[in-house]
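What follows draws every value from the coordinates through simple rules; no lab data is involved. It should be emphasised that the depicted structure is a prediction, and the values quoted were computed from it without experimental measurement. Cβ placement follows ideal geometry from the backbone for every residue including glycine, while neighbour counts extend to all protein chains displayed.
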Amino acid sequence: MKATVTVGRIYGIPIGVHYTWLAAFGFITWSLAEGFFPRFFPGWETITYWWLAWVSAASLFLSVLIHELAHSAVALKRGIVVQSITLFIFGGVSNLRADSGRALDEFLIAVVGPLTSIALGATAWLTVQVLSDDVGALRALVSYLALTNVILGAFNLLPGFPLDGGRVLRSLVWGVTGNFARATALAATAGQMLSFAFMGFGALQLLEGRILSGLWIVFIGWFLNTTADSSRREEQVNDLLREVPVSALMGPAMTSVRSDLSVAELVTDMLLRGGRRVAIVFEEGRLAGIVTITDVWRAPEGRWEEVTVSQIMTHAPLLSVSPTEKTSVALGLMVGRDVNQVVVSEAGQLVGLLSRSHVVNYLDFPRATGDRREVDS
Ligand SMILES: [Zn+2]
């Protein structure tokens, strides 16, 4: 997800905040200060409501973060790399590298988030019971956290993609039938039905004159609908790439160059004349890195004679996969590290290169042949 600001790292996982969260933060603070708190805890000063609202919104932010960290902790424990956590208007997303290889992994990773939220909510509710009326503001804050965490947990348990409950549903169907593609399709369809239910319910609220809550529910339904649809497509691509080993799509081992070559020589000798976009770089006979056409633009124009390959290349250790690895995993790796290619190696030997364009060409192929068939008939 683009348009995010990284606010920090926890266990090395970058925590990003999408700009929609800033809008949500303002809206939540305002609606708590002007609506929720004065209504349920009347008789306080305006300033009290505002700082209480601000602290509550920040605590909600922390609650969502804890929910996401629970997903990440289980993923890490199951050996799945977590690339980042992004918080946005409807909550959070943990971006896992590749997908969980087994139904049990997916089940545990998905279910722990909502359970954590519900446990937090229950703890907050128990705390409210023992707090005295003397600490009214604290009581109001903890009550709010009890309510929101339980809602957060329950909402995410709804059984439709892309919600956690949809992943739980998928892992169960996957585990029982052994058919990942069918499980994905079912969870995505359930997600779309859920989104229509939300939009219908929101529309009813609007008709009854509840404008704000009606709009909000329609908006949630619309959001679920678009994400269910795009995750279905993403999953279809993943299903396709899961069947294909890297060795089927990769290009041959590449042109090699020396690291002390100038950029000018690199461009003329290797990339232009050979028509190659990538070359591996050797230093004293050892693999030192990789250099691509894109790297060339890092050298200021007019200084191509002085700048050497070693100054612009990506240094070893390089991202590397085995030729028998699933292409879906290799693509996840490239997307996660924001690079365009990975080297393919077997027993320490370089055997090829897989780039994003190899994958794109492969995915376009069925469509291209389909078009041709249409022309023929
Ligand atoms: Zn979750």
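Just need the relative contact order of the chain here, percent rounded to a whole number, with Cα pairs under 8 Å and 6+ apart. Here the relative contact order equals 10 percent. Diffusion of the stretch 247-365 by Stokes-Einstein, at 10 °C in a medium of 1.306 mPa s and with Rh set to the Kirkwood radius over alpha-carbon pairs, works out to 108 µm²/s.
Relative intensity of the stretch 118-252 on a log10 scale, I(q)/I(0) at q = 0.10, 0.15, 0.18, 0.20 Å⁻¹, equals -0.52, -0.86, -1.00, -1.07, per a Debye sum over C-alpha point scatterers of equal strength in the absence of solvent. Computed over the stretch 176-330, the convex hull of the alpha-carbon atoms projects to a mean area of 15.3 nm².
Using the Cβ-Cβ distance between Phe196 and Arg39 with R0 set to 35 Å, the FRET efficiency from 1/(1 + (r/R0)^6) comes to roughly 0.65.
With each label modelled as a point 7 angstrom along the Cα→C-beta vector, the Ala122-Ser322 pair spans 4.2 nm.
Modelled spin-label separation between Thr189 and Ile151, with each label point placed 7 Å from Cα along the Cα-to-Cβ direction: 3.2 nm.
Within the stretch 1-75, report the GluC sites (Glu not before Pro) that DSSP leaves as loop and that have at most 14 other Cβ atoms within 10 Å. Answer by residue number: Glu45. Loop-located GluC sites (Glu not before Pro) across the stretch 203-300 with a Cβ neighbour count of 16 or fewer within 10 Å are Glu208, Glu243, Glu284, with loop assigned by DSSP. The alpha-carbon atoms of the chain define a convex hull whose volume equals 214 cubic angstrom per residue. To the nearest 0.05, how large is the calculated FRET efficiency for Asn361 and Ser213 if R₀ is 35 Å and r is the Cβ-Cβ distance? Efficiency computed from Cβ-Cβ geometry: 0.15. Net length available on complete extension from Trp297 to Ala248 is 14.5 nm, with 0.36 nm assigned per residue and the Cα-Cα distance removed. In this structure, Phe282 and Ser230 have a Cβ-Cβ separation that, at R0 = 35 Å, corresponds to a calculated FRET efficiency of about 0.25. Which is the longest part of the chain that has none of the chymotrypsin sites (Phe, Trp or Tyr not before Pro) sitting in a DSSP loop with at most 14 other Cβ atoms within 10 Å? Longest gap between qualifying sites, sites excluded: 45-296. Against the main long axis of the alpha-carbon atoms of the chain, helix 180-207 sits at an angle near 40°. Within the shell of other residues whose beta carbon sits under 10 angstrom from the beta carbon of Ile15, the net charge comes to 0, with Lys and Arg scored +1 and Asp and Glu -1.
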